[in-house]
Each structure stands twice: as structure tokens, then as C-alpha cells.
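Report on the following structure.
A short reminder: the numbers here are calculations on the coordinates, not readings from a lab. Small disclaimer: the values here were computed from a predicted structure and weren't measured. FYI the Cβ positions are ideal-geometry reconstructions off the backbone, even for glycines, and counts take in every protein chain you see.
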Amino acid sequence: MIASSAKIHPASVVEDGAAIGENVKVGPFCHIGPNVVLGDDVELLSHVVVIGRTTIGKGTKIFPGAVIGGDSQSVHHSAVDTTLVIGENCTIREGVTMNTGTVEHGGTTVVGNNNLFLAYSHVAHDCRLGNNIILSNNVMLAGHVTVEDRAILGGGSAVHQFTRVGKQAFIGGLSAVSYDVIPYGMLNGNPGVLSGLNVVGMTRAGIDRPVIHAVRRCYKQIFEGSESIRANAAAIRDEYLDCPPALEILDFIAAESDRALSSPNRGGKG
């Protein structure tokens, strides 16, 4: 079904079965598959391919050369239809690729709201992305990666499969993210090494200076303590019950994960 207010260039192809919302704009030479849902006010500039069982939220804008909803690039991909769900008000720049999920792991790739994907960044199968995230140019997310709200990934960085990137973490350009990165953490290098806290991002987010100082103290206790990272974190949790950002870090560390934790030393630790 195509809304009467939608504007679709005659040089584009919209296959039967696609659902096109109000005030959608589709420029020339786009291809929209039969199982695609475009929410109200979505805009495809030109030469955009949206295929698979893909839903794109209201107000999202997609630039030329993007391929959204392609099959997972996994040797385990089956012929069973899987899905990609993209939230509202995302900006998806030139050449970005996003894949649907795999049956073995729930079948859905999820992208939240208000995210910015710069040119040629890639979101692989079964990823889970929150809101207000920035993927800079050529960022590569492997399958099953989780990226939490307000994280920023620098250009050319690559994230290993099943890795978690915590809330408001900052990943430096060209970094290799092989292990989980704590919320508010900064990671740089190849292999990636935790290099402190994203204090600039915390300040911009309105976190008060005394709270930032408390999180810094928590960070030192976690990574400079005499026990393992997880043991250190568990031992100090009660000290930070009135400090939500510190608790976010401690809960992130305590959660189950397929990957070790990035640390200030080379390699991951538990």
C-alpha cells in the first residue's frame, strides 16, 4: 500500500506488497522490495536499495548507494526470512549496509532512534543498537554486536562479533574492538586498549563534576584492584548505589557476555 501523499520518482521500482507511509519521498533509481515498510516522512535520496523484511521508522533519511535489509553475510544464513528494524529519525549516509538477522539467533537486527551512520559503515546480522549513536565512516560491526545509547565509534574502527560497546563509550578511529567496552569508556588502538573515561562526553551529557570524579574513582578501583576486574567490581558495588553512571559500569561488568572485558592493559580480562 502506498500513501497518497508519497512522492515516488518514476525511475524507481516499488514492488507489490511494500508499505509506503505518508509524505515519503523516493528519489530516482531506488529499489524497494515487497516486504519493506517505510514509515511516514522517510526519504530515500536516490540509488537506494531497501529489501528483505525491513521496517524503517518515521523521518529516517537514506543517502545514495546504501543497501538496507540484505541477507546476512553469514555462512549459516538460511533461506528463512529474517528481519531488520530501523527506528525513527536516523541518518544513513552513502554506501551504508545493514543486514537482516539470522534464524539461529532470533532473526532480527535492531537499530534504534536518532542514529547517524556515516558513509560506508556496516551493521551486520543480529546487531542490537540503541539510540543517539554515531558510526563514523567505514566503521564495521560484526554479527551480534551490541552498541548502547550515545556511543561514538571513530572512523575505520572494527568491532568483533558478540562484543558489547557500553553507553556513551568512545572508540577511537582505526581501533580494533575485540572485547567488551564499559559504559563511558574510551578505547584506542589495535589491539584496542581501554584508555580511561569519556569525560568530555559525560560533561556534554550534563553529568555533574562530582559524579564524574566518583566514576573516575570507581574506574581506578575496578582496574587497579588486586583481584580480577569482575571481582573488583563486585566488591565495590555497594559504595556506588547513589551514583547511577558508576552503577551502569558495574552492572555492565557483572552481566553475562560472550567476550572478555577491555582493560587498560593489552587484551581482555575477566
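Worth pointing out:
- With a cut-off of 17 Å on the backbone N, the residues of the stretch 136-171 near the modelled label site 7 Å out from residue 190 along Cα-Cβ are 136-142, 153-161, 171.
- Chain lengthening between residue 226 and residue 116 when straightened (0.36 nm per residue, less Cα-Cα): 35.6 nm
- Tail weight of P(r) past 26 Å, computed on alpha-carbon pairs of the chain, percent: 44
- Label-point separation, residue 213 to residue 236 (7 Å along Cα→Cβ), nm: 1.6
- Residue 83 long-range amide H proximity, modeled H, under 5 Å: 101, 108, 109
- A viscosity of 0.890 mPa s and a temperature of 25 °C, combined with the Kirkwood radius over C-alpha pairs in the Stokes-Einstein formula, give the stretch 202-269 a diffusion coefficient of 195 µm²/s.
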